[in-house]
Amino acid sequence: MSTRRLRRILAPIGVTTAVVASMVVGAIQLTSAAAADATLLSLNKPALASSQELGESPPAGAFDNNPGTRWGSQWSDPQWLRVDLGATATISQVVLQWENAYGKSFQIQTSPDGNAWTSIYSTTTGTGGTQTLNVNGSGRYVRMYGTQRGTGYGYSLWEFKVYGTSTGTPPPTSGPGWVLAPNPVTGVTPSTATPPATNPPTTHHEFQANCAVSRSNLPDDPIVFFGLPGASHSHTFMGNTTTNANTTLSSLQAGGTACITPGDKSAYWMPTLLNNGVAVQPVDRQVIYYKSGVLDWRSVRPMPPGLRYVVGSPSSTLDQFKNHPGAVEGFECGDLTRQWDIPANCTPGSQLNVRFQAPSCWDGRHLDSPDHKAHMAYAVVGVCPSSHPVAIPMIEFKMAWPVSGNMSGVQFSSGRGYSFHYDVYNAWDVPTLAALTNHCIVGGLQCNPRGYDQYKPERGAALNENYVLP
């Protein structure tokens with residue numbers, strides 16, 4: 001934690017502040033009836049922000065009903081924080097619980113599509129604390145749009161609660177598209193514990209799956225377009241050598257693998273990179289990390305066979321890709337870092353790299369969902385949400401393509417750089433994955449594909465020299 005952030009958090013926090021507005025649009029006096037009739041619509045809904053101050057202050061931290069987590073912005077104006085309610089709703093109340101860094105001038109806005117915004121509240125004399133705003137508006141998206149900070153810091157909200165009545169129906173958790181796990185995991189409470197200090201210190205909790213391209217330029221996607229060969233954009237497949245539009249867990253388990261570990265028959269795929277229309281493949285084995293995505297890495301358990309999901313979206317905007325909870329460092333090449341689209345030029349002879357992390361919290365009940373994402377969730381400040389309490393390994397793609405120089409003709413088969421996404425279909429040998437997860441992630445090691453930590457050789461390896469269980 002930075003010294004400047006610690007100083008701000010330890011300063012006195014206001015309890016309740018009356019809203020003194022120079023201009024109020026659609027705001028009315030708070031009544032107990034309004035509060036009683038309203039439903040909390042924003043809890044654990046997808047969140048996006050204009051910026052993020054630190055890794056421990058993500059947008060989702062303001063929508064988890066946890067007073068110990070928050071969203072914090074960079075120290076400039078304007079900034080915004082928005083939530084997607086999932087369906088059009090009538091908004092009757094908004095509660096803002098500011099940390100010391102509050103908004104002096106800000107608006108509460110709604111939108112039907114995340115593009116056109118209507119202000120339903122506005123003030124230029126906000127004083128922070130807890131602000132309960134009785135409003136009248138409608139929309140699927142609600143955001144706080146700040147134009148003047150009340151301190152020299154950014155904007156910081158412990159909670160941003162939106163109340164009202166949704167016109168949509170709650171999303172189903174059964175029916176078409178939902179695939180039940182044969183052995184559901186129930187009764188799990190997400191761990192909030194911090195592992196004790198160790199000597200030597202535990203700095204990593206991960207192992208690598210090193211996998212080469214197994215199939216290329218294939219317009220199949222067995223998760224999104226199962227049973228429909230040729231229906232998707234071109235993909236580059238790694239790992240399992242049999243992946244196609246008709247892939248199932250059984251077919252993967254019966255297939256071969258281009259991973260260095262024979263027990264990893266999982267299928268991994270991503271949009272094909274094109275250079276002036278010509279496919280470019282990653283060279284040699286690529287690094288696919290399996291890490292802890294939660295604070296208490298001791299709570300991570302192996303993912304179940306057949307679990308599959310999509311990470312990111314081919315329809316992402318640049319802002320969505322940049323602020324995605326799985327974003328790590330964007331694209332890199334040569335001396336360029338943190339690029340959120342493919343750079344226009346890369347140092348000749350360099351490679352284009354990208355890193356992107358998957359969600360690591362599972363609902364414990366489904367192997368797939370209609371959108372191929374709803375059964376998975378990202379941890380919020382290192383803790384899984386109660387709706388997805390089971391911590392499993394967090395996959396992180398670290399891909400590299402041999403392209404450099406003029407990059408004007410370089411894009412993915414799905415579009416611009418920020419359309420990058422990938423799919424995972426787990427078909428690990430169960431005992432092998434369990435051994436690597438327990439030895440490396442739960443054990444707090446920085447392992448290679450054998451499950452060996454070169455910095456702690458005394459801990460041994462999970463697999464033998466042939467990358468199989470001893």
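The values are calculated or read from the model by the stated rules, or taken from the named source; none is laboratory data. Bear in mind that the values here come from a model prediction, so they are computed numbers and not experimental data. Here Cβ is always computed from backbone atoms with ideal geometry, including for glycine, and neighbour counts include all displayed protein chains. For the accessible areas, the whole protein counts, side chains as well, though only heavy atoms, and no ligand, DNA or RNA atoms are used. Shrake-Rupley method; radii C 1.70, N 1.55, O 1.52, S 1.80 Å.
Rundown of residues vs (1) in a loop (DSSP other than H, G, I, E, B); (2) under 30 Å from T194 (Cα atoms); (3) of a type in the set (G, A, S); (4) under 20 Å from the mean Cα position of the chain (by Cα), yes/no style:
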site: G330; (1), (2), (3), (4): no, yes, yes, yes
site: P348; (1), (2), (3), (4): yes, no, no, no
site: K373; (1), (2), (3), (4): yes, yes, no, yes
site: Y422; (1), (2), (3), (4): no, no, no, yes
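What single numbered condition from (1) open to solvent by 50 Å² or more (accessible area, probe 1.4 Å); (2) in contact with a Pro (Cβ under 8 Å, 6 or more places away or on another chain) fails to hold for S232?
The number of the failed condition is (1).
Return the only residue of S266, S299 being under 23 Å from D363 (Cβ atoms), small (G, A, S) and open to solvent by less than 10 Å² (accessible area, probe 1.4 Å).
That would be S266, the only listed residue that is under 23 Å from D363 (Cβ atoms), small (G, A, S) and open to solvent by less than 10 Å² (accessible area, probe 1.4 Å).
Can you find even one residue in region 39-55 that is modelled with pLDDT of 85 or more, closer than 16 Å to Y145 by Cα, open to solvent by less than 20 Å² (accessible area, probe 1.4 Å) and out of contact with any helix residue (DSSP H, G or I) (no Cβ under 8 Å at 6 or more places or on another chain)?
Within region 39-55, one or more residues are modelled with pLDDT of 85 or more, closer than 16 Å to Y145 by Cα, open to solvent by less than 20 Å² (accessible area, probe 1.4 Å) and out of contact with any helix residue (DSSP H, G or I) (no Cβ under 8 Å at 6 or more places or on another chain).
Please work out if R355 is closer than 24 Å to L295 by Cβ and either aromatic (F, W, Y) or open to solvent by 10 Å² or more (accessible area, probe 1.4 Å) (or both).
Details: closer than 24 Å to L295 by Cβ: yes; either aromatic (F, W, Y) or open to solvent by 10 Å² or more (accessible area, probe 1.4 Å) (or both): yes.
Against the criterion (closer than 24 Å to L295 by Cβ and either aromatic (F, W, Y) or open to solvent by 10 Å² or more (accessible area, probe 1.4 Å) (or both)), R355 qualifies.
Mind telling me which of the residues L157, L133 ends up being within 26 Å of T317 (Cβ to Cβ) and either of a type in the set (G, A, S) or out of contact with any Pro (no Cβ under 7 Å at 6 or more places or on another chain) (or both)? Give the derivation first.
Values: L133 fails: within 26 Å of T317 (Cβ to Cβ).
After ruling out the rest, the residue left standing is L157.
Kindly indicate the residue of region 375-390 that is within 23 Å of W269 (Cα to Cα) and among the aliphatic types (A, V, I, L, M) and also farthest from the chain's Cα centre (by Cα) among those meeting that condition. Don't jump to the end; show me each part of the working.
Initial filter on region 375-390 (within 23 Å of W269 (Cα to Cα)): 375-378.
Applying the additional criterion that residues be among the aliphatic types (A, V, I, L, M) yields 376-377.
Working: M376: 10, A377: 7 Å.
So, considering only residues that are within 23 Å of W269 (Cα to Cα) and among the aliphatic types (A, V, I, L, M), the one farthest from the chain's Cα centre (by Cα) is M376.
For region 81-108: of the residues being out of contact with any helix residue (DSSP H, G or I) (no Cβ under 9 Å at 6 or more places or on another chain) and open to solvent by 20 Å² or more (accessible area, probe 1.4 Å), which is nearest to Y163 (Cα to Cα)?
The residue in question is T90.
Hey, among the residues in region 281-296 that are in a loop (DSSP other than H, G, I, E, B) and either charged (D, E, K, R) or at positive phi (or both), which one's least open to solvent (accessible area, probe 1.4 Å)?
So in region 281-296, the residues in a loop (DSSP other than H, G, I, E, B) come out as 281-285, 292-296.
The next check asks that each one be either charged (D, E, K, R) or at positive phi (or both); those that pass are 284-285, 296.
Values: D284: 117, R285: 126, D296: 10 Å².
Taking the candidates together, the pick is D296.
Among the residues of region 57-66, are any on the phi > 0 side of the Ramachandran plot and of a type outside the set (A, V, I, L, M)? Reasoning before the result, please.
If we filter region 57-66 for residues that are on the phi > 0 side of the Ramachandran plot, which is where we start, we get 65.
If we keep only those that are of a type outside the set (A, V, I, L, M) as well, we get 65.
Yes: region 57-66 contains one or more residues that are on the phi > 0 side of the Ramachandran plot and of a type outside the set (A, V, I, L, M).
What are the residue pairs meeting all of these: first residue in region 140-160, first residue closer than 12 Å to W71 by Cα, second residue open to solvent by 30 Å² or more (accessible area, probe 1.4 Å) and at pLDDT 95 or above, Cβ atoms under 6 Å, and 6 or more apart or on different chains?
Hits for this filter: G154/W75; W158/Q97; E159/Q97.
Just to be sure, is N115 open to solvent by 40 Å² or more (accessible area, probe 1.4 Å), on the phi < 0 side of the Ramachandran plot, without any contact (Cβ under 8 Å) to a residue 60 or more places away in the chain and assigned to a loop (DSSP other than H, G, I, E, B)? Reasoning before the result, please.
Details: open to solvent by 40 Å² or more (accessible area, probe 1.4 Å): yes; on the phi < 0 side of the Ramachandran plot: yes; without any contact (Cβ under 8 Å) to a residue 60 or more places away in the chain: yes; assigned to a loop (DSSP other than H, G, I, E, B): yes.
Yes.
What are the pairs with Cβ atoms under 9 angstrom where one residue, in region 204-223, is within 30 Å of D296 (Cα to Cα) and open to solvent by 10 Å² or more (accessible area, probe 1.4 Å) and the other, located anywhere, is assigned to a loop (DSSP other than H, G, I, E, B) and basic (K, R)? Sequence gap at least six, or different chains.
Sorted first by the residue in region 204-223, then by its partner, the pairs are N210/R285.
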